[in-house]
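What follows is calculated from the coordinates using simple rules that are stated; it is not laboratory data. Quick caveat: nothing in here was measured; it's all calculated off a predicted structure. Glycine also receives a Cβ, built like all others from the backbone with ideal geometry; neighbour counts cover every protein chain displayed.
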Amino acid sequence: MATHIGIPEYIFIMTRDLKWRGILYEILSQLNYKVTTLPSCNELAGILGKERPDYIITDLDALGFSGAEALRRVREIDEEVKLLILMPASTSAAQEQELALDEGVKLLRIDTATPQSIQHILFFLKRKNLLEDERIRHPSEFKGTILVIDDEEDAAQLICNYLNRRGYRTEAVFSGEEAMVKIKSLKPRVVVLDILMPGMDGLLILQNIKHIDASTVVILTSGLQDEAIIKEAMRLGAAAYLTKPFNLLKLEMFILASIVT
């Protein structure tokens with residue numbers, strides 16, 4: 001939650017795809033955006049008349065058969081809200097041109113929930129206006145090392161193997177004491193840190209990491225869903241908190257989301 005600075009923007013997420021809604025809600029909420037999810041355009045008119053989001057993230061399926069007609073109805077209620085419309089590759093040029101006539105609309109060709117799709121969306125949200133150039137990083141362009149800290153060597157190696165296959169550079173250590181030595185010499189850009197370990201615990205390691213370099217992105221992992229620990233972790237500067245077992249694709253999404261500037 002601490003990775004998004006300033007007053008949180010209010011975002012509506014409107015898509016019929018339950019998986020997409022869930023991923024976007026989880027990541028944007030952890031980045032401290034205020035988020036409301038909607039399954040389709042049918043629910044939008046009523047809530048839009050009462051609340052004023054800064055952004056609406058939607059796909060063509062949720063907008064309905066005529067995206068342009070749905071967009072017209074949105075503008076009758078709110079002339080200023082920005083829309084990010086996610087389009088499948090099969091979208092026709094005519095439909096794309098019709099939607100692009102609205103200066104408050106950004107169109108992105110996204111078919112599935114991938115780490116790069118999340119990056120596209122975050123770049124859009126963080127730009128000052130819709131005309132700025134965007135640069136979406138591929139994992140091979142990720143600069144720096146990801147340090148995995150977990151006393152379970154098999155778990156740490158599983159994460160490293162996945163990220164290595166995806167083009168990232170990783171190292172693993174298996175204790176807090178070893179981690180502190182490695183952090184000072186390696187200066188990792190991202191740390192994936194287990195909370196419960198013998199010796200120095202994850203929250204203490206997190207605090208020490210932030211004292212060494214406050215810009216280091218720390219993603220905490222734990223087999224426990226402890227709200228008090230989560231709250232303390234976010235206060236100390238954690239970028240995200242993942243409960244084990246977690247999907248490695250989701251971990252990658254959090255890594256890329258956390259380093260978008």
Residues S40, S215, sorted so that the one with the fewest Cβ neighbours within 10 Å comes first: S215, S40
Straight-line reach check, K50, cutoff 18 Å on alpha carbons, 8 or more apart in-chain or any other chain, hits among lysines -> K34, K82
How do 44-51, 68-75 rank on mean C-beta neighbours within 10 Å, highest first? 68-75, 44-51
What the Cα atoms of the chain span along the principal axes, largest first and in whole Å, is 60, 35, 30
Mind checking which helices in the chain clear 30 Å along their axis (Cα) and have mean Kyte-Doolittle hydropathy of 0.5 or more, DSSP H runs only? none
For E152 and R75 in one chain, what is 0.36 nm times their gap in residues minus the Cα-Cα distance, to one decimal in nm? 22.4 nm
Give me the percent relative contact order of the chain, please, defined on Cα pairs under 8 angstrom at least 6 residues apart. 16
Please find the FRET efficiency linking L204 to T145, where r is the Cβ-Cβ separation and R0 is fixed at 22 Å, and quote it to the nearest 0.05. 0.50
20 Å reach of a label modelled at R109, 7 Å along Cα-to-Cβ, counting backbone N of segment 35-63: 58-62
How high is the FRET efficiency from L186 to R52, r the C-beta distance, R0 51 Å, rounded to 0.05? 0.65
In what order do R235, R169, R189 fall by count of nearby beta-carbon atoms within 10 Å, going from fewest to most? R235, R169, R189
Across 10 Å bins from the origin, how do the percents of Cα pairs in segment 139-258 run, short distances first? 14, 53, 31, 2
Only counting other Cβ atoms within 10 Å, I'd like L31, L108 sorted with the fewest neighbours first. L108, L31
